[in-house]
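These notes are about the structure you will find just below.
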Amino acid sequence: MNNQASIHYGGLELKRESEARKDPEWIQQQWDRSECRVLLLHKDRNLMHWQREHDSSPVAVSQLRAEIDNLLEPAHEIVFLGLENESPLFAADVTHSNAEQFDILVGAYEFIDLREAGWLLSAQEAALLAYARGLLYWHRHSGYCSTCGSPTQSRHGGHLRLCSNEQCERMIFPRTDPAVIMLVEHRPASGPAKCLLARNARFGARMMSTLAGFVDPSESLEDTVIREVYEETGIRVDQVSYQASQPWPFPSSIMLGFRARAIDTDIRIDGDEIKEAQWFSANELKEFGEWGDDQDGYCLPRRDSIARFLIESWIVDTTNYGDS
Ligand SMILES: [Zn+2]
């Protein structure tokens with residue numbers, strides 16, 4: 001349980017250098033090192049190499065800084081990500097340039113949406129590209145001060161934006177929006193344990209998944225779990241316990257995973273956001289198909305999702321207890 005390393009987009013092995021990056025001279029020194037590499041992004045798409053026609057998996061692409069110097073412009077937002085095996089790694093958002101300008105550079109590479117390719121990447125590459133995407137998305141949407149409307153400027157290697165109005169000087173840090181995701185279980189006095197899965201209107205016709213929702217102001221995470229489950233299915237829960245988390249920078253969330261115990265079992269859905277909700281035993285879940293497969297019947301969520309992690313760890317726990 002709680003094997004965080006197995007959850008996609010987390011577990012990034014990179015020295016972020018939170019203190020050193022506050023010094024602009026140190027950042028410049030890293031940028032000037034010959035082994036400095038840069039990840040490129042265009043409109044939230046990461047540069048990757050993917051020979052789809054050969055059925056191969058995508059790989060992340062970074063460029064030596066010296067080789068792309070002539071393509072970078074002052075309008076490009078450049079952020080320091082960290083030291084990877086002691087070598088500096090930056091990311092550059094080239095959205096403000098014509099995409100064609102980069103055709104020359106990218107050649108066999110292409111800018112690909114991480115939501116499409118992420119689950120096929122290695123865990124480290126997926127985490128790295130997610131980090132770059134999340135940070136640069138924040139920059140592109142934080143160009144003006146929300147207090148006085150003046151332009152903001154990047155500081156600390158791209159981990160702070162500062163309002164340029166000397167009367168204001170508001171500091172703006174990258175933000176992450178918390179969302180809870182929860183597996184609700186019911187353990188009857190006799191018969192197999194069951195868990196509650198639902199089909200969201202956004203999911204497509206077959207995928208059943210755990211419930212989820214954003215945290216409201218003034219709510220504890222446990223409050224949100226209890227409210228969301230009740231709003232979406234009419235089920236009351238208690239014994240809310242934390243399981244694991246997953247960064248989800250699409251665009252700026254973190255998914256906080258819980259398990260909760262159902263107090264009652266009669267499902268009531270609105271049919272609007274939630275199209276279908278049902279109780280399933282571990283044995284029934286084992287019959288589910290794989291996401292993306294072309295077959296009839298229900299399927300599990302994608303393998304790179306924390307929903308999948310919550311479901312699979314519940315199946316393991318339930319099977320171990322011998323009550324599936
Ligand atoms: Zn301001």
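The values are calculated or read from the model by the stated rules, or taken from the named source; none is laboratory data. A quick note: this is a predicted structure, and the numbers were derived from the prediction, not measured. Using ideal geometry, Cβ is built from the backbone for each residue, glycine included, and neighbour counts are taken over all protein chains shown.
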Subject >> Subset tally (residues that are within 11 Å of the ligand (Cβ to nearest atom) and in contact (Cβ under 8 Å) with a residue 12 or more places away in the chain) for segment 152-201 >> reply: 9
Original post:
With respect to Arg140, is the statement that it is away from the ligand (no atom under 12 Å from the Cβ), loosely packed, with under 14 Cβ neighbours inside 10 Å and touching a residue at least 24 places away in the same chain (Cβ under 8 Å) true?
Top reply: no
Subject >> Filter result for the condition that a residue is outside the structural domain of Glu53 (by TED's automatic domain parsing) and farther than 24 Å from Leu12 by Cβ, over Ser146, Ser154, Ser97 >> reply: Ser146
Subject >> When residues of segment 29-67 are limited to those that are more than 24 Å from Ala123 (Cβ to Cβ) and among the basic types (Lys, Arg), the one modelled with the highest pLDDT >> reply: Arg33
**OP:** Count, please, the residues in segment 220-267 that happen to be polar (S, T, N, Q) and over 17 Å from Leu196 (Cβ atoms).
**Re:** 5
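Just the residues that are charged (D, E, K, R) and over 20 Å from Leu136 (Cβ atoms), please, taken from segment 146-166. Spell out how you get there, then give the answer.
As a first pass, look at segment 146-166 and keep what is charged (D, E, K, R): 155, 161, 166.
Answer for segment 146-166, where residues must be charged (D, E, K, R) and over 20 Å from Leu136 (Cβ atoms): just Glu166.
Quick check on segment 6-27. Is at least one of its residues assigned to a strand (DSSP E or B) and surrounded by fewer than 19 Cβ atoms within 10 Å (Cβ to Cβ)?
Pass one, segment 6-27, residues assigned to a strand (DSSP E or B): 15.
Imposing the further condition that a residue be surrounded by fewer than 19 Cβ atoms within 10 Å (Cβ to Cβ) reduces the set to 15.
Checked segment 6-27: at least one residue is assigned to a strand (DSSP E or B) and surrounded by fewer than 19 Cβ atoms within 10 Å (Cβ to Cβ).
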Original post:
Pick from segment 220-255 the residues that are assigned to a loop (DSSP other than H, G, I, E, B) and in contact with a strand residue (DSSP E or B) (Cβ under 7 Å, 6 or more places away or on another chain): which of them is surrounded by the most Cβ atoms within 10 Å (Cβ to Cβ)?
Top reply: Ile235
**OP:** Answer yes or no as to whether Arg133 is more than 16 Å from the ligand (Cβ to nearest atom), crowded, with 19+ Cβ neighbours inside 10 Å, of a type outside the set (Phe, Trp, Tyr) and outside the structural domain of Met208 (by TED's automatic domain parsing).
**Re:** yes
**OP:** Kindly indicate which of Ser209, Ser150 is of a type in the set (S, T, N, Q), in contact with a helix residue (DSSP H, G or I) (Cβ under 6 Å, 6 or more places away or on another chain) and surrounded by 13 or more Cβ atoms within 10 Å (Cβ to Cβ).
**Re:** Ser209
**OP:** Out of Asp270, Asp266, report the one residue that is assigned to a loop (DSSP other than H, G, I, E, B), touching a residue at least 12 places away in the same chain (Cβ under 8 Å), within 19 Å of Asp216 (Cβ to Cβ) and more than 14 Å from the chain's Cα centre (by Cα).
**Re:** Asp270
Subject >> Search result, residues across segment 299-316 that are surrounded by fewer than 19 Cβ atoms within 10 Å (Cβ to Cβ) and either within 25 Å of Ala127 (Cα to Cα) or of a type in the set (Ser, Thr, Tyr) (or both) >> reply: Arg302, Arg303, Glu312
